[in-house]
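Visitor: This is the structure, below, for whatever I ask next.
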Amino acid sequence: MKLKSLHIYGYGKFINYKMDELSPDIQVIFGENEAGKSTIMSFIHSILFGFPSKQQSVLRYEPKTHSAYGGQITIMTREYGEVVIERVRGKSAGDVTVFLRDGVTGGEELLTQVLRGMSRTLYENVFSFNLSGLQEVQRLKNDEITRYLLATGSIGSDILLQADEAFQKELDYLFKPGGRKPRLNEQIKILREQEAELRQARQENEKYEALLIKKEQLSIEIQNLDKESSTNERNYRKMMELVEKWSLITEYEHVCEKIERLQPVTFPTDGLIRYEQLFNNRLAIFSKWKALQEKSEKTSASIIKNTESQIDDQLLKKVKKYMDEWPHYKQIQGEIEALEKSINEYIEQIERIRQDLHFSKDKDIQEINLSFDMKAQIKDKLHQLVGLETEEQQILSQIERLYKEVDIAEKKCETIEQKMLSESDFNKLQKQRVNWKNREQLIEEEKSIKRDLEIEIERNAMQEKQTKMNLMMNVIFFVLSIGLFIWGWSQREHILTIVAIIAFVYAIIAFVLGKKQKNISNVEHLQSKLAKIKNQLENEGDHINPQLIYDEQQSLRNEWKQTFQGLEEKKYNLQEWTSYKEKNKSEQEIIQTELVQIKDQLGLPIFFANSRLDDAYELLLKLFQLHSNMLHAKKERDDKKEKYDKWMEELREIALEVGITEVDKIVILHQLKGCYESEQAKKNNLIELIEKKNEIVEEKKILEVEINEYDKVIQELFDHAGVKNEEEFRSVGKRFEELERLQTRVEVLKAQIGSDMLVESENYDSEDELNDILGKIVVQMTANEKKLQDLRQQLASINHKIEQLEEGGTYTDKLHRFHQSKSNFNEQAQKWAKIMLAQTLLQKTMSNYIKDRFPKVMKTAEAYMSMLTNNQYVQISFQQNESILVRHQNGTYYAPAELSRGTSEQLYTALRFALVQVLHEDYPFPIIIDDGFVNFDKQRTDNVLQLMKTISKTSQVFLFTCHEHIKAKFDPSHCYALTESREQHVT
């Protein structure tokens, strides 16, 4: 993934700010303090991963002077091609929209796919780093530096190490095997003490349990008696309610008997009320119908009065037609005047162009050939003429230049000839230069011979010394072999005797060979050679070097030869350019003749300038167009005038038919308009009267329908009640109202008594029977109450004894406290187990990172470390005890804590860059560096910048810096300067 461009709508101090065409490999963003480097870094993080929430300590960079917040980034990816990511103000992280090249859009889910699940924390830990990461190495203790670098090379930061330390602190706070203060250790001690107290309380619990059993038995017996008393009380209340409602029950039975006698009665619901409403409504509608009948008769009389008219409809339509056409013909009149004006203007323009071109009056513009071929012919001839004229100037310039060069070359040849030796002198000089040596060469040769002479003398001395040593050794060996021979012979050791004989023979041979060696030395030869060199230095060392004179003469001969060849070549070129000049002149004369013919065809005079022929052709085209436009305007004017005159004649004829004798067209139109409006008003009034009468008729029909409907509904009421007239209907209605009253009373009584009481009353015949049953229930209730009182007294006595046993803390209290303490202990133990499990998983994850990823990182980091330190440190080793060792080129190994500050920072940098390269296939994200190397010296800075350029071949690198010397290390096309003018780029 590589960033192509940024567009900041509003973020911090930047408003509508753009950075286009970012470098795909390395991009340097330079700016002084407070120029906005940190703002742009934060903008990139915010667009990719969301705006920081207001609760976070990270700055949100909301603009102070503008409402826009957010922007967009264009990136290039391998999977999706070019992708545009836009994030603006919205929810806490902002509203994001992702635009793909194929038109697909999406939100956070699509962005997560594009970023391959990369989070802000992981990106900042791996791909974005600054000076604080380097400074962190220096703040750590010696035993912490290795762990920090190990985490940097496998995870990207020490965040997992910090989490591991936090887990360990929490575990130590909860429990330590031999500790006393941790919470679990304290609770174990409390549980042991409470368990001892519980064992002692269990012995006193047997008497206590017997009392508890007796208490339970009494409670059950009291509970049963309470249930029986509740049942008796319910029965008592039910019997009392029956006695109280017995009179209502008797009335209910009498009313039910009357209802049975009145039934059956058939009558519509609210029949009398509905009949009265229908009768009154029908009477009101009938009154309206009668009023409409009178209104209809008056309207008919008015229609008869307005039916008379003076002008028939056909003539009135003609009047209307000509009135509607008047605006159109008025427009035609104006168009005729405009055409007259245009014709005059065309005539003036035609005359001006004729005078400007001196156009022949005998020529007709319509007959002149103004085709595209003619235009092309003019352009072609003019182009050829201009080309020939330009070529002529170039030929003249070349001829003049060649004349000057020939003259210069001739003079140069004469000068060189004066300096050159004769041929015989030059041959004599050639022989002298072979054997000549200068003084410096002789001195250098003398020094060389002296060195060789000294070496040879020293070699002879050493050889003589070695010869003497060899002779001495041979003598000693000779004496020893004789002694060994004598001892072996005397001791009869035949093998030793044979060895002694062999050694004796070898000693004699070595002695003889040593005497025969000759000292072959070059000392005399070197001494004679040295004397010869000294003689040359005395006699010939100061003469002029003939080699220099020879070289100078050889150079002059070569220069003369080259100059003479150039002179011949220039003379030949001069003849060629002269022939070109004559040919060019001939071609110009032919073109001039053809242009005269073209002028004649176009009606132009011979003296008309050739350079104006292009413009003349365009003016002739314009003259042709003006002449055509003038003819067309004249024809259009004549057609419109004819049409207008015919219409005016027809208008006067229509006016005479209506009775208007005026001549002026304005007066005629005004009187026709008044006549038309008068007739139209009569017709409109008649139409309104007819419409009004039709409305009355329709309304009468509606009222008649309603009257019939009312009659129909009233008859339905009669049919439902089974009567024929109003009197019978009212009689049946009274019977129906009496039946409804009785039924209502039955419902009221039923509600007062209750449905349950009505069912229960059927089991009893009289009120006396109810009173007998009620007395028996009272006797049973009294007996139960007395028994309950005795049992409650026994229960109170047992409770008192139990309280006495529980005064000093009972077994159950101690048991409760023990289980409560045990529960608290279990909660803390579960918490300890969870933290231990989390720490185990974390350590396993760190171990997997170190085993799988860290070796690959180490291999890449070795090459980077060697490059950063100028091959001073050539190897990084990862030991089995998870420690890191760095090997110096002299073979010495150093732990990270033993390195200098600069070298440890270089190791950290190598590990960070190596991790990025190892992750590149899965996470090809750009690297962002914020002045991370300002504490490096010049050489280290050059090395790390060179490493960044190497990494930029695979990963895009952004370097934010405020230092001119770092910016100067890069190509200006890769540098982007944040200036005040750009920061205020507001539209």
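Visitor: Of the residues that make up segment 309-324, is at least one at pLDDT below 80, β-branched (Val, Ile, Thr) and in the same structural domain as residue 649 (by TED's automatic domain parsing)?
Guide: The answer is yes, given that some residue of segment 309-324 is at pLDDT below 80, β-branched (Val, Ile, Thr) and in the same structural domain as residue 649 (by TED's automatic domain parsing).
Visitor: Additional query: Being more than 60 Å from the chain's Cα centre (by Cα), within 30 Å of residue 384 (Cβ to Cβ) and not in a helix (DSSP H, G or I), is that true of even one residue in segment 585-602?
Guide: yes
Visitor: On to the next question. Residue under question is residue 954, and the condition is that it be modelled with pLDDT of 85 or more, within 19 Å of residue 25 (Cβ to Cβ), surrounded by fewer than 20 Cβ atoms within 10 Å (Cβ to Cβ) and within 26 Å of the chain's Cα centre (by Cα); does it hold?
Guide: Considered against the rule, which asks whether it is modelled with pLDDT of 85 or more, within 19 Å of residue 25 (Cβ to Cβ), surrounded by fewer than 20 Cβ atoms within 10 Å (Cβ to Cβ) and within 26 Å of the chain's Cα centre (by Cα), residue 954 comes out as yes.
Visitor: I've got another one for you. If you take the residues of segment 725-767 that are of a type in the set (Lys, Arg) and in contact (Cβ under 8 Å) with a residue 60 or more places away in the chain, which of them is nearest to residue 241 (Cα to Cα)?
Guide: To start, the set of residues in segment 725-767 that are of a type in the set (Lys, Arg) comprises 730, 734-735, 741, 745, 750.
Retained after the next criterion (residues that are in contact (Cβ under 8 Å) with a residue 60 or more places away in the chain): 730, 735, 745, 750.
Details: 730: 44, 735: 36, 745: 21, 750: 14 Å.
Out of the qualifying residues, it is 750.
Visitor: Residue pairs, Cβ under 9 Å, 6 or more apart or interchain, first in segment 18-37 and under 13 Å from residue 975 (Cα atoms), second part of a loop (DSSP other than H, G, I, E, B) and of a type in the set (Lys, Arg). List them.
Guide: Listed by first residue and then by second, the contacts come to 25/953; 28/969.
Visitor: A further question follows. Answer yes or no: is there a residue in segment 381-391 that is of a type in the set (S, T, N, Q), at pLDDT below 80 and under 30 Å from residue 587 (Cβ atoms). Give the steps one after another, and end with the answer.
Guide: Residues of segment 381-391 that are of a type in the set (S, T, N, Q), as a first pass: 384, 390.
Subset that is at pLDDT below 80: none.
Taking every residue of segment 381-391 in turn, none turns out to be of a type in the set (S, T, N, Q), at pLDDT below 80 and under 30 Å from residue 587 (Cβ atoms).
Visitor: Picking from 660, 654, 687, which residue would you name as being at pLDDT 70 or above, in the same structural domain as residue 335 (by TED's automatic domain parsing), not hydroxyl-bearing (Ser, Thr, Tyr) and not in a helix (DSSP H, G or I)?
Guide: 660
Visitor: While we're looking at this one, here's another question. Is it the case, given these coordinates, that residue 931 is more than 22 Å from the chain's Cα centre (by Cα) and of a type outside the set (S, T, N, Q)?
Guide: yes
Visitor: Let me ask something else. Tell me the residue from 10, 103 that is over 13 Å from the mean Cα position of the chain (by Cα) and assigned to a loop (DSSP other than H, G, I, E, B), please.
Guide: After applying the criteria, what remains is 103.
Visitor: Does segment 116-127 contain at least one residue that is among the aromatic types (Phe, Trp, Tyr) and modelled with pLDDT under 90? Give the derivation first.
Guide: Within segment 116-127, the first condition is being among the aromatic types (Phe, Trp, Tyr), and the residues that meet it are 123, 127.
Now narrow it down to the ones that are modelled with pLDDT under 90: 123, 127.
Scanning segment 116-127 turns up at least one residue that is among the aromatic types (Phe, Trp, Tyr) and modelled with pLDDT under 90.
Visitor: Which members of segment 606-659 meet the condition of being free of Cβ contacts under 8 Å to residues at least 60 places away in the same chain and β-branched (Val, Ile, Thr)?
Guide: Result: 606, single match.
Visitor: Right, here's the next one. Does at least one position in segment 614-637 carry a residue that is among the polar types (S, T, N, Q) and closer than 16 Å to residue 386 by Cβ?
Guide: no
Visitor: Return the pair list, or none, for Cβ contacts closer than 8 Å from residues in segment 576-598 that are assigned by TED's automatic domain parsing to the domain that holds residue 383 to residues that are exposed (fewer than 13 other Cβ atoms within 10 Å of the Cβ) and of a type in the set (Val, Ile, Thr), at least 6 apart or on different chains.
Guide: So the pair list comes out as 596/606.
The values are calculated or read from the model by the stated rules, or taken from the named source; none is laboratory data. All values derive from a computational prediction rather than experimental measurement. Virtual Cβ from ideal backbone geometry, glycine too; neighbours counted across all protein chains shown.
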